[in-house]
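Bear in mind these aren't lab numbers, they're just calculated from the coordinates by the rules spelled out. Keep in mind that what you see is a predicted model, and the values were worked out from it rather than measured. As a convention, Cβ positions derive from the backbone with ideal geometry for all residues, glycine included, and neighbour counts pool all protein chains shown.
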Amino acid sequence: MTTRLLKASPEAYAEGARLINAGEVVAFPTETVYGLGAHALNPDAVAKIFAAKGRPGDNPLIVHISRYEQIYGIISGDVPRQAELLAKEYWPGPMTMILPKGEKIPPCVTAGLDSVGVRLPASQAARDFISACAAPVAAPSANLSGKPSPTTAVHVLNDMNGRIPLIIDGGESDVGLESTVIDARSMPVRVLRPGGVTPQMIARVLGEVLVDGSVLRPLAKHETARSPGMKYKHYAPDGSLVIVKGTADAAAREINALYDNTEGSRCILAFEEHIPLYGERRVFSLGEDAQTASHRLFDALRQMDEMHINAIFSEAVPAEGLGLALMNRLGRAAAFHIIEV
Ligand code: TXA
Ligand code: MG
């Protein structure tokens, strides 16, 4: 199969919609990361997503919609009050809510669970594409299983070339990390995966919020994952990754010592203002704050693999606000190997 790349445009959405309604898989941009979409009510099309990604069949997909009212075809019963309040505040946006599954959604979408993840993305290109499909679109991130989520069309092409017929190119993803996944079936709601909609933002609307314990540490042997995605070994770069936590000076001293004592191809992930602390060593900049770091992280990790880096040393951020999502992804990429200084 040849994979075509089309710049986001009404013509590209129409061509994407034609393919989706013919049971094919199409990659499309969203504000978080690129998605690999199929018609959510067509089990044969959904099966092609799992095949293209190499994704285990017991990891459920998120169903994407282009307007709020579409949710009634996807969940069962009324929208619970807490979900309605969150939707009013943060949809369209980087938030996925887990709700009771409606009968029309085939079991392969939710990996047999009786719940379904729903998201109304903020990206105009994503909504225009879904709206052209005139159907809910099931989509995981558009990477091969075991790779970081794609934040550009080129990342998607690198992973999916020859596996899917079309990639809609909407430029760089704005947020750069996947959506916040919230179990919104009952109060208090629970964050299963942190993202652009932070626990503070949720608490501001609902008064309270739980954050799943697996967000900042590995699952213990006896624990079952509330979100199936949590139990899989997440993306880890080819090189070893160590996170160093502490004041800027102390962290830089430790990172420099680790770097100098390591053989081979090494690099450092650091915030722009700290770069002078690392002298002539190879540094990838995380930019100014958690927001720029989230935007750049997956691209930096892909570049490091291409460069065959064998050891990566990273600064940390406080696990607050968007920093929680950043430390979750960075922590999982490092298998939670964190040194405190
Ligand atoms: O930002 C995003 O969420 C992107 C874009 C494309 O929307 N999508 C994405 O999908 O990251 P994926 O499949 O890579 O991650 C979805 C996560 C997985 O960890 C999955 O286990 C969890 O959401 N999930 C989906 N449905 C669920 C359900 N019914 N119950 C619990 N967890 C669920
Ligand atoms: Mg994914």
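Under the 0.36 nm per residue contour assumption, what length would be gained going from the current alpha-carbon distance of Asn310 and Glu172 to full extension?
Stretched out fully, the Asn310 to Glu172 stretch lengthens by 47.0 nm.
Within the stretch 28-120, which trypsin sites (Lys or Arg not before Pro) sit in a loop by DSSP and count at most 14 neighbouring Cβ atoms inside 10 Å?
Loop-located and lightly packed - Arg67, Lys104.
Once you've got the Cα coordinates, tell me which of Lys101/Lys221; Lys48/Lys104; Lys7/Lys48; Lys7/Lys53 are over 25 Å apart.
Among Lys101/Lys221; Lys48/Lys104; Lys7/Lys48; Lys7/Lys53, the Cα-Cα distance tops 25 Å for Lys101/Lys221.
Show the residues, 5+ positions off or on another chain, whose built amide H is closer than 5 Å to the amide H of Ser123.
Close amide H contacts, sequence-distant or interchain: Glu31.
Longest segment of the chain with no GluC sites (Glu not before Pro) in a DSSP loop having at most 15 other Cβ atoms within 10 Å? Walk me through the intermediate numbers first.
Values: sites that count: Glu103, Glu172, Glu208, Glu223, Glu263, Glu280, Glu288, Glu320.
It runs 1-102.
Based on alpha-carbon centroids, what's the gap between the stretch 317-331 and the stretch 281-304 in Å, whole number please?
Result: 13 Å between the Cα centres.
Over the chain, what is the relative contact order in whole percent, taking alpha-carbon pairs under 8 Å and six or more residues apart? Provide the component values of the computation, followed by the final result.
Details: 760 pairs, mean separation 67.6, N = 341.
Contact order relative to length: 20 percent.
What residues qualify as long-range amide H neighbours of Gly37, i.e. H under 5 Å apart, gap of 5 or more or another chain, H built at 1.01 Å from N?
Correct list: Val26, Ala27, Phe28.
With the cut-off at 1.5 for a/c, could you classify the stretch 240-340 from its C-alpha gyration tensor as rounded, prolate or oblate?
In terms of gyration-tensor shape, rounded.
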